[in-house]
Each structure stands twice: as structure tokens, then as C-alpha cells.
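Here the structure is laid out as C-alpha cells; the discussion comes afterwards.
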Amino acid sequence: MSQIVTFDVFSALTNSRVGGSKFLHTVVEANGWPVSGEQVYDRWDALNKERHRTVDPWIPFADISVLALQSALSELGLPLKNAPEISRSLLESMAEWPLWADVTAESLTELGPSYGLGLLSNIDNALLAETAAMRLGVFDPEHVVTSQRARAYKPTAALYRRAGELLGPFIHVASSARDVKGALGAGIACVRLARPGHVLDPTGPTPELTATSVDELPPLLARAAERRPSTEQRPSTEQN
């Protein structure tokens, strides 16, 4: 049986800040707002992630996005009336957010036949299906775990444990601080794929294995498979 390797979608594979800021720049210009697309994206992104950390019970990603955008616009002193429409269009724009240059069907396929490739993402099923990552055609739908499927969000341990129930033992390739911290905290074997703009949490665990591009992953994945963390937990029976 192939070793399953999951990737984070919007940090490890996708340059989300560039994609999201580009769309929000058009919104800023259309409305004549005295801010930049990057400013709106950064506040939305931070507030979105904070809600992922604290939401209970689970609600869909799209609903959280609206709430986060309303809060972001309020903090920036911008009108809130079109927040639901803007949020919906922002999520639709995810289909065009660019992959990092080293993320191609060829580079991922070259990881070898020993690996079953999957995704671990906080977004909803329908949104993920439209992303550039899924359009590469290299990720097995059976190895894709979304927050909608798991009924939990990163960085809570519940999502990683539910992924373990669905996939069996797996290795996760993460870039963001919260994903690295969440995976290691849940006892999941993790390889960090360092990306610009993403730094580790100084108060969190430090991954032993770090790559700077997809083509550096094969030997690190092999080492991760051999040195699965001693804290790795058996699949949880909790329901999310």
C-alpha cells in the first residue's frame, strides 16, 4: 500500500496572498476605498483563521468567511453592506489563485509511485474542487480531507485525528505556522515546506524536516515515514 502524503492547499501549494490580494484590489478600486487589496486580504485572512481556531460547533467555511470579512471591513473603517457579496466573489476567485512556481503536475508526480497524494484543507468541498491544485489531476479524491468532511478546522487536533480515521497513517506537508503546530501537536508526521511570508510559531513545536521546494521532498518524506513521531495517536473515535 502506498504511503499517503497530504498537502496543505493554501500555504504549501498556493500563493494565497497574491491571489486574494489581486481580487480584493479590484474591489478596493471599484469602491474607491482608501486602503490596498493587501490590507483587506491580510485582515480578512487573520480574522478568518482566528474563527477557525475558535468556532464551535462547526459551520461552513463560506459562512466564516463572511463573518471575518465583515469584521475586517469594520476594523478598516469600510462599509459592510456588500460584505456577503464580496466574500462570495472572493471565494470564487480562489479558482484563479496561483500555485507556487515549483508546484506542477510533473513535480508532484515525480515524488514517486510510493506515495498516494492527498490534500488537507480548511475549505469546503465545492471550493476545493475548483482550485488550481485540484485541477492538476494528481490528488486522489479519496485522499482529500476538507473541514466539511472532517467537521473540524485546523489547527485543532480534531481535524488531523479525523483525517487519520479516514486515511490511516499519513504524512502531512505544511507551510503555515498553525498547520505545522496543529499537525505536530496531533502527533502527525510532518514535513515543513517553507514558503515566503510563512514563519514558524516560536512558542510551538519545530519540525525536524524542512524543504524549500517540492523537488526536495522525496528524501524527507522517506525519513518522515521511517521516523514517525512517537506521539502519533491512533485514530480517534470522537465524532466531529
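Just a few scattered comments:
- Exposure rank, largest accessible area first [Trp58, Trp97; 1.4 Å]: Trp58, Trp97
- Based on every Cα atom in the chain, Rg and the maximum pairwise Cα distance Dmax equal 17.6, 56 Å.
- Sites excluded, GluC sites (Glu not before Pro) in DSSP loops with at most 16 other C-beta within 10 Å, longest stretch of the chain: 1-109
- Environment charge of Glu110, counting only residues whose C-beta is closer than 12 Å and scoring Lys/Arg +1, Asp/Glu -1: -4
- Computed over the chain: relative contact order in percent, which uses C-alpha pairs under 8 Å that are six or more apart: 23 percent
- Dipole of the chain, positive direction: furthest Cα of Ala129, Pro60, Leu217, with charges on the beta-carbon: Pro60
- Relative contact order (percent, whole number), the stretch 100-240, Cα cutoff 8 Å, 6+ residue spacing: 22 percent
- Computed extension length for Glu130-Ala105: 7.4 nm, one decimal, from 0.36 nm per residue of separation with the Cα-Cα distance subtracted.
- Summarising the label geometry, the points placed 7 Å from Cα in the beta-carbon direction at Asn31 and Val18 lie 2.6 nm from one another.
- 10 Å Cβ shell holding at most 16 others, DSSP loop, trypsin sites (Lys or Arg not before Pro): longest site-free stretch of the chain: 1-80
- A simple spin-label model places pseudo-atoms 7 Å from Cα toward Cβ; at Val199 and Arg88 they are separated by 3.9 nm.
- Of the solvent-accessible surface of the chain, computed with a 1.4 Å probe and all protein chains present, 52% belongs to carbon and sulfur.
- Per residue, in Å², the accessible surface of the chain once ligands and nucleic acids are set aside, probe 1.4 Å: 46 Å²
- Dimensions in Å of the stretch 104-231 - Rg and Dmax from alpha carbons: 13.8, 37
The values are calculated or read from the model by the stated rules, or taken from the named source; none is laboratory data. Just so it is clear, the structure is predicted and the values come from calculations on it, not from any experiment. Cβ atoms come from the backbone with ideal geometry, glycine included; neighbour counts cover every protein chain shown. With ligands, DNA and RNA removed, areas are computed over all heavy atoms of the protein, side chains included. Shrake-Rupley method; radii C 1.70, N 1.55, O 1.52, S 1.80 Å.
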